[in-house]
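Scroll down for the structure; my scribbles are underneath it.
The values are calculated or read from the model by the stated rules, or taken from the named source; none is laboratory data. If you're wondering where the values come from, they're calculated on a predicted model, not measured in any experiment. Please note: Cβ atoms are built from the backbone with ideal geometry, for glycine as well, and neighbour counts cover all protein chains shown. These accessible areas exclude ligands, DNA and RNA; they are computed on the full protein's heavy atoms, side chains included. Shrake-Rupley method; radii C 1.70, N 1.55, O 1.52, S 1.80 Å.
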Amino acid sequence: NYGQSDLSNVTIYYSIDNGLPTSYDWSGTLTNLQSQIVSLPTQTLSNGNHSISIFSSNPNGSADGNNTNDTLRLSFSIGDAPVVELGNDTSMCGGTLSLSAVQSGAAYQWSTGSTGGSVLVTSSGTYQVTVTRSGCSATDSRTVVINTIPSASLGQHRSICGNSYTINAPQVTGT
């Protein structure tokens, strides 16, 4: 309320994409420089660029003494929220793994600090990415365990002629 008098009722008009205005009658009490959030009915809009114009009329049932502050215009975009699926948690023996969240027109923030569409995993850990597109965000994470590749040694090289030779290998554990 930018007026000098308390506001007890006003008609609010709103128009989306320059369509026909819809009215909403508000009532309550607002003193000078006080504001209140007004929730308008939900609208279903297609993806793309849109605008909304909101203006008020007839404060307290009479003509507005200062109609220069009665209108708000706002442009906004609606897009599909990104869908992020890094896959199931993974355990592997050695090597590397590439995790990708690449989507057209998106920005990325990985738990590693990377801002690219994919990361190369070289060590065990939980990797998380937040993908943002058209003002909407989605997050996913994946835990990767990279186990050390087991090694085995059979000892010195030997030559065997004519007889058999028994090799005893220790038990190897790991995944």
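Key figures
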| item | result |
| --- | --- |
| Sole exception among (1) farther than 23 Å from SER15 by Cβ; (2) more than 24 Å from the chain's Cα centre (by Cα); (3) touching a residue at least 40 places away in the same chain (Cβ under 8 Å) for GLN34, by number | (3) |
| Of all residues making up the range 24-56, the number that are part of a loop (DSSP other than H, G, I, E, B) and on the phi < 0 side of the Ramachandran plot | 16 |
| Candidates SER62, SER8, SER53, SER27 - the one that is under 35 Å from the mean Cα position of the chain (by Cα) and either surrounded by 13 or more Cβ atoms within 10 Å (Cβ to Cβ) or free of Cβ contacts under 8 Å to residues at least 60 places away in the same chain (or both) | SER53 |
| Hits in the range 65-95 (condition: hydrophobic (A, V, I, L, M, F, W, C), under 17 Å from the mean Cα position of the chain (by Cα) and more than 30 Å from ASN18 (Cα to Cα)) | VAL83, VAL84, LEU86 |
| Complete set of residues in the range 67-80 that are of a type in the set (S, T, N, Q) and surrounded by 10 or more Cβ atoms within 10 Å (Cβ to Cβ) | ASN67, ASN69, THR71, SER77 |
| Count - residues of the range 97-113 that are among the small types (Gly, Ala, Ser) and open to solvent by less than 60 Å² (accessible area, probe 1.4 Å) | 4 |
| Qualifying residue in the range 13-23 (condition: touching a residue at least 40 places away in the same chain (Cβ under 8 Å) and of a type outside the set (Phe, Trp, Tyr)) | no |
| Total residues in the range 114-139, condition open to solvent by less than 30 Å² (accessible area, probe 1.4 Å), under 24 Å from MET92 (Cβ atoms) and touching a residue at least 24 places away in the same chain (Cβ under 8 Å) | 3 |
| Meets criteria (open to solvent by 90 Å² or more (accessible area, probe 1.4 Å), in contact with a Gly (Cβ under 6 Å, 6 or more places away or on another chain), at pLDDT 90 or above and of a type outside the set (Asp, Glu)) for VAL83 | no |
| Pairs, first in contact (Cβ under 8 Å) with a residue 40 or more places away in the chain in the range 76-95, second among the aromatic types (Phe, Trp, Tyr), C-beta under 9 Å, six or more apart | LEU86/TYR127 |
